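Scroll down for the structure; my scribbles are underneath it.
The values are calculated or read from the model by the stated rules, or taken from the named source; none is laboratory data. As the structure is a prediction and not an experimental result, all values here were calculated from the model. Note: ideal-geometry Cβ built from the backbone for every residue, glycine included; neighbour counts use all protein chains shown.
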Amino acid sequence: MKLMSTLTPAKDRRVVALAKRLHLSKAVVNVILALVAVFWLVPTISLLVISLRPEALFGQSGWWKVFTAPSQLTWGNYATIFSQGFTSGGVLDSLVTSLEITIPVTILVALISSLAAYSLVFGSWRGRDMIFLVIVGLMVVPLQVALIPVVQLYREMGNLFGLNPYGTIPGVIIFHVAFGLPFGIFLMRNFLTGIPKDLLEAGRIEGAGEWKIFYRIVLPLALPAIASLAIFQFIWVWNDLLVALVFLGGNVHTPLTIFLYDQTRSLAANYWIVSTGAVVSIFVPLIVFFSFQRYFVRGVLAGAVK
Amino acid sequence: MTSIVAGDPRVAPAKASRRRGWWRRNWVSLAFLAPGIIWLLAIVVYPTIATIRFSFYDETATKYVGLHNYASVFSTDAILTAFKNNIIWVLVFPFFVTFIGLMVAVLTERIRWATAFKTIIVMPIVFSTTASALVWRTIFDLDPHIGVVNAIEQTVSDWFRAPGAYPLNSAIGQTAASLASFNATGGSGGSVISKSAVHPGDTVMMGLTRISSVTLQTLGAQTPVAPQKMKGGIAGLVWNDFSPMQTSNTTTIVSDEHGLPNLRLSLVSSTGTSVASTVTNSSGGFSFSHVAPGSYHVEIVGSNFQTAFLGTFWLGSQSLTPVNGLNQTAQSLLSVPLIDLAMIISYIWIWAGFAMVLIGAGLAAINREVLEAAEIDGATDWQKLRRVTIPMLAPVLTVVFVTMVINVLKVFDIILNMAPGSSQGPATTLALSIYNDGFTGGIHSGVASAIAVILFLLVVPAMLWNLRKIKG
């Protein structure tokens, strides 16, 4: 009663009255959370069911009718997608394009961030902390700010070297890597500062070069952080629409997000492909998520600011 | 070896060799840092400066125009709409997502299936906003055969006011009276009533028009049959008094006309009270037997024409605030389009898991002893939450809140994918305006850059605040 008596009496009485009403038994909590869980599952289930029903039934009856008529379920839509194969403009082609963008970005960000963080933590030159602060400061730049000049920059590259990354997959990759680095360096540096310098000294005494120390000693130790960074980066890039739209809008091969966006414009006409494509698009990050859930949560916690 | 350092010639070689020593010691370390630095300078630092410069130049970045682009940002209705929508997002979304994240994080501590529950809530974060937007677009679809929200609304609405067999088309402002044709006129309560009085032993015929052939087909309407007189009763017919063959004949039955089945009728006495009721058969015929002597009217009751459930256009731009009579600019600033609400709900679905994970981590770090002490002191759940948990969580809650503010300042994908064409304009945001102004229909750098700079300036304080908090 001590805690309650420290409250002001009038407010206290109201709070107690409210508290009595709000005292939640375990059963009530379970019921509330079960309802929340159902609410959270409905969209995902609806997407799955729509993709598993024939196109003709869409708009004729709601997807929830499937619970009374399970015979409506069919793999037909998926069969169609796979029979189309990797022809450009198809779902599988977009799936490959998404991978072609996401995997290089993830590897590059993880590698370049680790190298830079290694340099910032274990280098012996002055001004390292200053540079780190500037890099962290770059996290505030919204990528929208850089789009137009980078398009221009790409064109200049085309004029000067005959290599214009605009409209190509490397163009998208270059942009994504740049905007993945500040967070990547931030995360990796924070992790590497926890590695004792003695370990590196041991390597140096045995005559190992910096690269070897980085590769053989530091990288294996930093794997958990790299995993968090890689998963975060993978999902971030996999789900990007804006950068791909700007740099890859008119391309024949588009990532899944653009594929879905293009299909939406004629939503009613081909919803089977939208739903099926959406399931394919969420399938990959879901696998990544369930395989590395622990690292993902850690990445979310570390990347809260992004 | 040539010295670039002026001064004492004896010092110079020492300095140079020191510098060479520095390079030798540090070149590997600097080489490790170089790719990251070059990348950031080329694709983040330089473009940011270039955008600031572009914002003072014309659309092709050739002529200096001063603050002209900024002036047009604040005088263009479409961009003001974007500001308005960003404000709505910032005011509504971060609060609710933090609140829900907190509630869910606190409650999950008490259940056994917390892991499964957390997984369910977190899952949408890994979906692309594009895919999530498409899912929610169907959930909020106007058609109750597609959208589950409207399907629920329809079910509830039908409990309270079931649609009649002959629903009026309210979209074109149809009324029951406008259907009346032969011997019929509009009555009270949206009904249709016979013009002539009728007495027991008489027959009565009433004609309606403008009944859709689809309705007739669904109801299985048959060819009308002229009513036969019956002793002590009233026999009659209600039919669709329209023949495509003889459009001018509006008084008698024509062979290709249809009776109107399933109409609920009421026999109204001269005092205006209903004395009997019946329903028409498949050829539109009806009868009231054992009618007391007197003068009556036959009424086709209003419920027959009850309009069908129309659905809520969740994805539409109709405003939740009254904006009638305001000028264009005031409308763009004051309207709250319904789709904003639908999109915010969808976005909460996506991001609540993020809030829950962060707040959950904060909860785990709370000193259990304080909570236990409060419990021993007799604090209830609500008091523990309100007086202990929330104050101790305040730093985490603000980080979540500010992160969500930054997030919705940049909100883009969900609008592009969830809003149908007609709602794109009313639902636009700053990030979407940058894309639309800058990249659709060629590259235009002026106004888009000015919006980008403004967005940057809005994000920076929140971001710096957050970074400071996270660094401790």
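Numerical summary
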| quantity | calculated |
| --- | --- |
| Residue selected from segment B:364-384 under the condition surrounded by 19 or more Cβ atoms within 10 Å (Cβ to Cβ) and within 37 Å of the chain's Cα centre (by Cα), by the criterion farthest from the other protein chains (Cβ to nearest Cβ) | B:K384 |
| Selection within segment B:436-468 - aromatic (F, W, Y) and modelled with pLDDT under 90 | B:F439, B:W465 |
| Complete set of residues in segment A:149-166 that are away from chain B (no Cβ under 13 Å) and either touching an Asp or Glu at 6+ places or on another chain (Cβ under 8 Å) or surrounded by fewer than 15 Cβ atoms within 10 Å (Cβ to Cβ) (or both) | A:G158, A:N159, A:L160, A:F161, A:G162, A:L163 |
| Filtered residues of segment A:208-231 (kept if out of contact with any Leu (no Cβ under 8 Å at 6 or more places or on another chain) and either part of a helix (DSSP H, G or I) or among the polar types (S, T, N, Q) (or both)) | A:E210, A:W211, A:K212, A:Y215, A:R216, A:L219, A:P220, A:L223, A:P224, A:A227, A:A230, A:I231 |
| Among (1) among the aliphatic types (A, V, I, L, M); (2) more than 7 Å from chain B (Cβ to nearest Cβ); (3) surrounded by fewer than 21 Cβ atoms within 10 Å (Cβ to Cβ), the one test that A:V297 misses | (2) |
| Helices (runs of 4 or more DSSP H) completely within segment B:393-446 that count 2 or more residues being of a type in the set (A, V, I, L, M, F, W, C) | B:413-418, B:430-439 |
| Number of positions in segment B:196-222 that are hydrophobic (A, V, I, L, M, F, W, C) and in a loop (DSSP other than H, G, I, E, B) | 3 |
| Qualifying position, being among the β-branched types (V, I, T), out of contact with any strand residue (DSSP E or B) (no Cβ under 9 Å at 6 or more places or on another chain) and assigned to a loop (DSSP other than H, G, I, E, B), among A:T254, A:T276 | A:T254 |
| Segment B:199-225, residues that are surrounded by 13 or more Cβ atoms within 10 Å (Cβ to Cβ) and among the aliphatic types (A, V, I, L, M) | B:V204, B:M205, B:M206, B:L208, B:I211, B:L216, B:L219, B:A221, B:V225 |
| Any hit, segment A:111-133, residues being under 20 Å from B:T48 (Cβ atoms), away from every other protein chain (no Cβ under 11 Å), part of a helix (DSSP H, G or I) and at pLDDT 85 or above | yes |
| Restricting segment B:148-174 to residues that are polar (S, T, N, Q) and without any contact (Cβ under 8 Å) to a residue 60 or more places away in the chain, the residue that is farthest from A:V49 (Cα to Cα) | B:Q174 |
| Residue check for A:V237: closer than 30 Å to A:G89 by Cβ and among the hydrophobic types (A, V, I, L, M, F, W, C) | yes |
| Among the candidates A:R204, A:R265, A:R216, residue that is of a type in the set (K, R) and within 11 Å of chain B (Cβ to nearest Cβ) | A:R265 |
| Residue that is at pLDDT below 90 and either in contact with an Asp or Glu (Cβ under 6 Å, 6 or more places away or on another chain) or in a helix (DSSP H, G or I) (or both), where the choices are B:A379, B:A374, B:A342, B:A355 | B:A374 |
| Filtered residues of segment A:39-64 (kept if more than 9 Å from chain B (Cβ to nearest Cβ) and part of a helix (DSSP H, G or I)) | A:I45, A:L48, A:V49, A:S51, A:E55, A:A56, A:L57 |
| Some residue of segment B:341-358 being surrounded by 17 or more Cβ atoms within 10 Å (Cβ to Cβ), out of contact with any helix residue (DSSP H, G or I) (no Cβ under 8 Å at 6 or more places or on another chain) and either among the hydrophobic types (A, V, I, L, M, F, W, C) or farther than 30 Å from B:V204 by Cα (or both) | no |
| Given (1) more than 7 Å from chain A (Cβ to nearest Cβ); (2) touching a residue at least 12 places away in the same chain (Cβ under 8 Å); (3) in a helix (DSSP H, G or I), index of the condition B:T130 fails | (1) |
| Counted residues, segment B:206-248 - those being without any contact (Cβ under 8 Å) to a residue 40 or more places away in the chain and closer than 22 Å to B:S269 by Cα | 3 |
| Selection count where residues are in contact (Cβ under 8 Å) with a residue 12 or more places away in the chain and under 30 Å from B:L464 (Cα atoms), scope segment B:365-402 | 17 |
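Here is a yes/no grid of residues against (1) without any contact (Cβ under 8 Å) to a residue 24 or more places away in the chain; (2) surrounded by fewer than 18 Cβ atoms within 10 Å (Cβ to Cβ); (3) on the phi < 0 side of the Ramachandran plot:
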position: A:I195; (1), (2), (3): no, yes, yes
position: A:L199; (1), (2), (3): yes, yes, yes
position: A:G209; (1), (2), (3): yes, yes, yes
position: A:I217; (1), (2), (3): yes, yes, yes
position: A:L221; (1), (2), (3): no, yes, yes
position: A:A227; (1), (2), (3): no, yes, yes
position: A:Q233; (1), (2), (3): no, no, yes
position: A:W236; (1), (2), (3): no, no, yes
position: A:N239; (1), (2), (3): no, no, yes
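Okay, residues lined up against (1) surrounded by 13 or more Cβ atoms within 10 Å (Cβ to Cβ); (2) touching a Lys or Arg at 6+ places or on another chain (Cβ under 6 Å); (3) outside the structural domain of A:I169 (by TED's automatic domain parsing):
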position	(1), (2), (3)
A:P43	yes, no, yes
A:L47	yes, no, yes
A:L57	yes, no, yes
A:A69	no, no, yes
A:Q84	yes, no, no
A:D93	yes, no, no
A:L99	yes, no, no
A:L108	yes, no, no
